[in-house]
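J.: Please find one structure pasted underneath; my questions will follow.
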Amino acid sequence: MHDFAGILDSVRNEIPIAPFSDVELTSWIFESNAIEIAGVIVEPLQRIIPLERGFLENLRQICTKHDIVLIFDEGVTGYCITCGGAQCQYGVGPDLRTLGKLIGGGLPLSAIAGKAGIMAHFDRSRLGEEKFLMQVGTLNG
């Protein structure tokens with residue numbers, strides 16, 4: 001089931017979506033599409049859907065197995081559960097992590113944290129123009 005108001009069908013049809021905390025379906029999606037998946041974005045703490053035991057660990061294992069970037073979107077939940085966020089609370093480390101809202105204390109602020117090899121792509125002087133990735137976002141003001 002997809003519920004993406006405002007997203008073009010051409011985009012929606014290119015993105016495999018798994019229900020949060022469904023280990024079995026998520027595993028099947030990965031195994032069926034791993035060669036086409038570069039990254040997985042998950043909000044590790046949902047406000048309504050409970051986190052099933054083993055879900056984040058399963059994501060980490062599959063992403064590692066297939067060399068897929070695991071991204072924790074903690075823009076809303078960030079430090080609400082603990083000072084170290086979801087990776088400290090659940091013992092599962094992502095490759096990238098986004099933070100916002102809470103870290104700004106009401107001011108427009110966001111942050112991206114991650115493994116050095118990935119973060120290097122945001123530094124033109126480290127990897128050169130060809131591998132440089134411009135990073136922009138709503139809260140970059």
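The values are calculated or read from the model by the stated rules, or taken from the named source; none is laboratory data. Only a predicted model underlies this, so the values are computations on that prediction, with no experimental measurement involved. Note that we place each Cβ from the backbone using ideal geometry, even for glycine, and neighbour counts take in every protein chain shown. The protein model used for the area step is the full one, side chains on, heavy atoms only, and it has no ligands, DNA or RNA in it. Shrake-Rupley method; radii C 1.70, N 1.55, O 1.52, S 1.80 Å.
J.: Residues being among the β-branched types (Val, Ile, Thr), more than 24 Å from GLY85 (Cα to Cα) and open to solvent by less than 40 Å² (accessible area, probe 1.4 Å): count how many of those fall in segment 29-56. Quick ask: steps written out before the conclusion?
T.: In the first step, residues of segment 29-56 are kept if they are among the β-branched types (Val, Ile, Thr); the result is 29, 35, 37, 40-42, 48-49.
Next, from what is left, pick out any that are more than 24 Å from GLY85 (Cα to Cα): 29, 35, 37.
Still in the running and open to solvent by less than 40 Å² (accessible area, probe 1.4 Å): 29, 37.
Adding up the residues that qualify gives 2.
J.: Going by the conditions given, is THR64 among the polar types (S, T, N, Q), within 19 Å of ALA113 (Cβ to Cβ) and surrounded by 13 or more Cβ atoms within 10 Å (Cβ to Cβ)?
T.: On the way: among the polar types (S, T, N, Q): yes; within 19 Å of ALA113 (Cβ to Cβ): yes; surrounded by 13 or more Cβ atoms within 10 Å (Cβ to Cβ): no.
Here the answer is no, as THR64 does not meet what is asked.
J.: Now for a different question. Identify the single condition in (1) open to solvent by 60 Å² or more (accessible area, probe 1.4 Å); (2) within 22 Å of GLY114 (Cβ to Cβ); (3) touching a helix residue (DSSP H, G or I) at 6+ places or on another chain (Cβ under 9 Å) that ILE15 does not satisfy, given that it satisfies every other one.
T.: Only one criterion is unmet by ILE15, namely (3).
J.: Something else: Just one of THR64, THR26 is without any contact (Cβ under 8 Å) to a residue 24 or more places away in the chain and either of a type in the set (Ser, Thr, Tyr) or in contact with a Ser or Thr (Cβ under 8 Å, 6 or more places away or on another chain) (or both); which is it?
T.: Values: THR26 fails: without any contact (Cβ under 8 Å) to a residue 24 or more places away in the chain.
Within the list THR64, THR26, the selection yields THR64.
J.: Could you please tell me which pairs satisfy a Cβ distance under 7 Å, a separation of 6+ or placement on different chains, a first residue in segment 98-116 that is under 10 Å from GLY75 (Cβ atoms) and at pLDDT below 85, and a second residue that is open to solvent by 50 Å² or more (accessible area, probe 1.4 Å) and β-branched (Val, Ile, Thr)?
T.: These pairs meet every condition: LYS101/VAL76; ALA111/ILE103.
J.: Next question, about the same structure. Looking only at segment 2-12, count how many residues are assigned to a loop (DSSP other than H, G, I, E, B) and either within 14 Å of the chain's Cα centre (by Cα) or surrounded by 10 or more Cβ atoms within 10 Å (Cβ to Cβ) (or both). Don't jump to the end; show me each part of the working.
T.: Here is the first cut: in segment 2-12, the residues assigned to a loop (DSSP other than H, G, I, E, B) are 2-8.
Applying the additional criterion that residues be either within 14 Å of the chain's Cα centre (by Cα) or surrounded by 10 or more Cβ atoms within 10 Å (Cβ to Cβ) (or both) yields 4, 7.
Summing the residues that are assigned to a loop (DSSP other than H, G, I, E, B) and either within 14 Å of the chain's Cα centre (by Cα) or surrounded by 10 or more Cβ atoms within 10 Å (Cβ to Cβ) (or both) in segment 2-12 gives 2.
J.: Test ASP73 against the criterion of being farther than 24 Å from ALA113 by Cα and open to solvent by 50 Å² or more (accessible area, probe 1.4 Å), and give yes or no.
T.: Details: farther than 24 Å from ALA113 by Cα: no; open to solvent by 50 Å² or more (accessible area, probe 1.4 Å): yes.
No; evaluated as a whole, the condition is false for this residue.
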